[in-house]
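A quick write-up on the structure given underneath.
The values are calculated or read from the model by the stated rules, or taken from the named source; none is laboratory data. Model, not experiment: these values are computed from the prediction. For neighbour counting, all protein chains shown are included, and Cβ atoms are generated from backbone atoms with ideal geometry for every residue, glycine included.
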């Protein structure tokens with residue numbers, strides 16, 4: 001359903017069958033992602049005893065967002081987004097089957113997981129301009145906050161289940177069982193995409209240079225202080241905040257002495273908090289000022305990660321992760337919503353691509369936290385990143401405060 005119709009149709013977005021299909025795809029892929037991230041981290045740390053290697057796998061997963069984000073944003077304006085999503089997820093299923101065979105033969109190596117992380121990251125880079133862009137078109141500006149909140153509810157429920165399931169599967173059956181579970185989960189993803197009907201949109205038929213695309217994205221940022229603030233806060237969050245969650249398996253194994261299943265439970269607690277936050281936002285998002293929620297979530301996350309760094313016991317660590325997930329839900333829901341509502345319709349593909357590029361700053365964050373953890377330990381690296389992030393917000397306050405000046409729309 002085109003956005004124009006959505007504006008005149010106040011029906012709840014979850015009743016739209018096309019939205020539901022994209023909703024299912026996002027939820028199942030999120031479950032696969034978090035199951036896999038935990039299993040890869042435990043396997044890698046057990047085989048290398050290196051926090052840097054663990055962080056590097058996440059860095060490889062995030063690097064494609066920076067490399068391909070803008071190009072994918074432009075591609076989304078010119079091709080069938082459904083076709084791209086279908087082809088890329090079919091490729092992920094094929095790679096999963098190859099890795100399962102290697103694991104069954106006992107030939108799996110850390111570098112195989114690194115290559116898989118990079119491939120999965122490339123598909124992840126398609127999510128904002130392709131799948132979420134489609135969700136925005138189906139919902140329309142009047143329901144986009146509700147759509148993104150519901151999507152976040154499902155994604156965070158999967159973040160809750162994924163690490164627990166990943167820890168359980170790798171403890172009981174190793175990587176072959178992990179890959180088998182993922183392969184089974186990809187089947188309903190492909191089925192939902194096959195049944196998806198893409199809403200009609202006006203497509204660009206001219207070939208644009210990367211310089212032109214980048215110029216379009218920056219033009220959108222110049223026209224909207226709110227978009228500019230959202231992009232900058234996204235960079236800070238992905239440099240100094242989110243990467244510290246890659247240290248949870250290391251903290252769990254090294255500092256708290258937990259087994260793989262215990263690490264899986266610990267790593268799932270931020271998913272519990274995110275699920276609670278997303279559920280609240282699914283009903284309240286339309287009444288909240290989106291900018292202040294977004295800014296507040298970034299600052300609160302940076303403060304809470306310091307508590308995570310100081311925590312000497314599993315109970316306090318779990319509580320910190322629960323609260324981290326809660327505030328991360330506000331960040332995740334408002335991120336796409338702000339880009340969509342703060343940007344002129346003609347500039348949205350470039351703005352979505354530029355946001356994906358900003359998220360792609362996280363590889364530097366993962367490398368930094370991994371390298372710092374080698375020298376300072378995972379808690380010390382987590383603490384230092386929190387301090388740097390807060391300093392970044394303080395030193396660029398004239399940009400960040402645009403979130404407070406402009407009321408949310410949606």
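Given the structure, is residue 297 more than 21 Å from residue 336 (Cα to Cα) and in a helix (DSSP H, G or I)?
no
Is it the case that some residue within region 373-383 is touching a residue at least 40 places away in the same chain (Cβ under 8 Å) and under 19 Å from the mean Cα position of the chain (by Cα)?
Scanning region 373-383, I find no residue that is touching a residue at least 40 places away in the same chain (Cβ under 8 Å) and under 19 Å from the mean Cα position of the chain (by Cα), so the answer is no.
From the list 119, 99, pick out the single residue that is crowded, with 16+ Cβ neighbours inside 10 Å, within 18 Å of the chain's Cα centre (by Cα), touching a residue at least 12 places away in the same chain (Cβ under 8 Å) and in a helix (DSSP H, G or I).
Numbers: 99 fails: within 18 Å of the chain's Cα centre (by Cα).
Just one listed residue meets the conditions, 119.
Restricting the search to region 44-86, which residues are modelled with pLDDT under 85, over 25 Å from residue 197 (Cα atoms), more than 19 Å from the chain's Cα centre (by Cα) and surrounded by 20 or more Cβ atoms within 10 Å (Cβ to Cβ)?
Answer for region 44-86, where residues must be modelled with pLDDT under 85, over 25 Å from residue 197 (Cα atoms), more than 19 Å from the chain's Cα centre (by Cα) and surrounded by 20 or more Cβ atoms within 10 Å (Cβ to Cβ): 45, 51.
Just to be sure, is residue 329 touching a helix residue (DSSP H, G or I) at 6+ places or on another chain (Cβ under 7 Å), over 30 Å from residue 341 (Cα atoms) and buried (at least 21 other Cβ atoms within 10 Å of the Cβ)?
Answer is no for this residue.
Mind telling me which of the residues 302, 279 ends up being in contact (Cβ under 8 Å) with a residue 60 or more places away in the chain, surrounded by fewer than 19 Cβ atoms within 10 Å (Cβ to Cβ), in a helix (DSSP H, G or I) and in contact with a helix residue (DSSP H, G or I) (Cβ under 7 Å, 6 or more places away or on another chain)? Lay out the reasoning, then the answer.
Working: 302 fails: surrounded by fewer than 19 Cβ atoms within 10 Å (Cβ to Cβ).
Exactly one residue qualifies, and that residue is 279.
Given the structure, is residue 41 assigned to a helix (DSSP H, G or I), at pLDDT 70 or above and buried (at least 20 other Cβ atoms within 10 Å of the Cβ)?
The answer is yes for residue 41.
A quick yes/no check of all residues on (1) surrounded by 23 or more Cβ atoms within 10 Å (Cβ to Cβ); (2) not in a helix (DSSP H, G or I):
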{"position": "230", "(1), (2)": "yes, no"}
{"position": "237", "(1), (2)": "yes, no"}
{"position": "246", "(1), (2)": "yes, no"}
{"position": "252", "(1), (2)": "yes, no"}
{"position": "257", "(1), (2)": "no, yes"}
{"position": "261", "(1), (2)": "no, no"}
{"position": "265", "(1), (2)": "no, no"}
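Across region 180-223, which residue is farthest from residue 168 (Cα to Cα) among those that are modelled with pLDDT of 80 or more and part of a loop (DSSP other than H, G, I, E, B)?
Selected residue: 197.
Please verify whether residue 17 is more than 30 Å from residue 168 (Cα to Cα), surrounded by fewer than 16 Cβ atoms within 10 Å (Cβ to Cβ) and modelled with pLDDT of 80 or more, treating the condition exactly as stated.
Judged against the criteria, residue 17 is a match.
Test of understanding: among 354, 338, 319, 367, which residue is within 22 Å of the chain's Cα centre (by Cα), assigned to a helix (DSSP H, G or I), at negative phi and modelled with pLDDT of 85 or more?
319
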